[in-house]
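The values are calculated or read from the model by the stated rules, or taken from the named source; none is laboratory data. Fair warning: this is a prediction, and the values are worked out from it, not measured in the lab. Because the Cβ atoms are built from the backbone with ideal geometry, glycine has one as well, and the counts that use them run over all protein chains shown.
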Amino acid sequence: MAAMARLLVLFAMVLVPVLVNGQKTPFTVRGRVYCDTCRCGFETSASTYIHGAKVRIECKDRDTLQLKYSKEGETDSTGTYNIQVEEDHLDQICYAKLVSSPMASCKTPGPGRDHSQVILTRSNGAVSNLHYANALGFLRNQALSGCAQFLKQYQLQDDVI
């Protein structure tokens, strides 16, 4: 009986610190920001990635939609952002959202590509601290010349705006 008690104490001494420290490890939200150079509404091989674009992580209360958390980040030379989020947002709805683009010719957020939902909780079985967001995109003011020809491979030439 005493051996069992010692085993439980030893188990608690090992497991409790692991659980406590695991809850304090920050999440990293990673994603990319692109310029939709052909204004087709999705990434293509003609898309370019934006250095210096601003992105914000926002979490809102699921019931009241009141903002509970906000943190901004910026993309690097590859158009990639990495934003660290310290807290677990179990019952909140979180998004990566476009804030601004440094490109004068590509500043309009793309419809449906201006935000991406991200899950920021450890209560869903995910083990990794790295969470990926879908790519976010700005629309170029005018499609590049040659886009109609380029988009024929997607059979979307009539949809170019």
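Against the conditions (1) within 17 Å of Asp36 (Cβ to Cβ); (2) touching a Pro at 6+ places or on another chain (Cβ under 6 Å), where does Thr75 fall short? Just the number, please.
Status for Thr75: all satisfied but (2).
Would it be correct to say that Phe150 is more than 17 Å from the chain's Cα centre (by Cα) and surrounded by 15 or more Cβ atoms within 10 Å (Cβ to Cβ)? Working first, answer last.
Numbers: more than 17 Å from the chain's Cα centre (by Cα): yes; surrounded by 15 or more Cβ atoms within 10 Å (Cβ to Cβ): yes.
Spelling it out, Phe150 is indeed more than 17 Å from the chain's Cα centre (by Cα) and surrounded by 15 or more Cβ atoms within 10 Å (Cβ to Cβ).
Name, by its number, the condition in (1) closer than 18 Å to His115 by Cα; (2) at pLDDT 95 or above; (3) not acidic (Asp, Glu) that does not hold for Thr78.
(1)
Given the criteria assigned to a loop (DSSP other than H, G, I, E, B) and out of contact with any His (no Cβ under 9 Å at 6 or more places or on another chain), does Leu144 qualify? So that I can check it myself, show each step before the final result.
Details: assigned to a loop (DSSP other than H, G, I, E, B): yes; out of contact with any His (no Cβ under 9 Å at 6 or more places or on another chain): yes.
Criteria met by Leu144.
Could you please let me know if Leu130 is in contact with a strand residue (DSSP E or B) (Cβ under 6 Å, 6 or more places away or on another chain), closer than 23 Å to Val55 by Cβ and among the hydrophobic types (A, V, I, L, M, F, W, C)?
On the way: in contact with a strand residue (DSSP E or B) (Cβ under 6 Å, 6 or more places away or on another chain): yes; closer than 23 Å to Val55 by Cβ: yes; among the hydrophobic types (A, V, I, L, M, F, W, C): yes.
The answer is yes for Leu130.
Can you tell me which residues in the range 13-60 are of a type outside the set (Val, Ile, Thr), over 23 Å from Thr75 (Cβ atoms) and modelled with pLDDT under 95? Please lay out each step first, then the result.
As a first pass, look at the range 13-60 and keep what is of a type outside the set (Val, Ile, Thr): 13, 15, 17, 19, 21-24, 26-27, 30-32, 34-36, 38-43, 45-47, 49, 51-54, 56, 58-60.
Restricting the remaining residues to those that are over 23 Å from Thr75 (Cβ atoms) gives 13, 15, 17, 19, 21-24, 60.
Met13, Leu15, Pro17, Leu19, Asn21, Gly22, Gln23, Lys24 - these are the residues of the range 13-60 that are of a type outside the set (Val, Ile, Thr), over 23 Å from Thr75 (Cβ atoms) and modelled with pLDDT under 95.
For residues that are polar (S, T, N, Q), under 14 Å from Cys35 (Cα atoms) and in contact with a Leu (Cβ under 6 Å, 6 or more places away or on another chain), tally how many sit in the range 100-123. So that I can check it myself, show each step before the final result.
Of the residues in the range 100-123, the ones polar (S, T, N, Q) are 100-101, 105, 108, 116-117, 121, 123.
Narrowing the set further to residues that are under 14 Å from Cys35 (Cα atoms) leaves 100-101, 105, 108.
Restricting the remaining residues to those that are in contact with a Leu (Cβ under 6 Å, 6 or more places away or on another chain) gives 108.
Going through the range 100-123 one residue at a time, the tally reaches 1.
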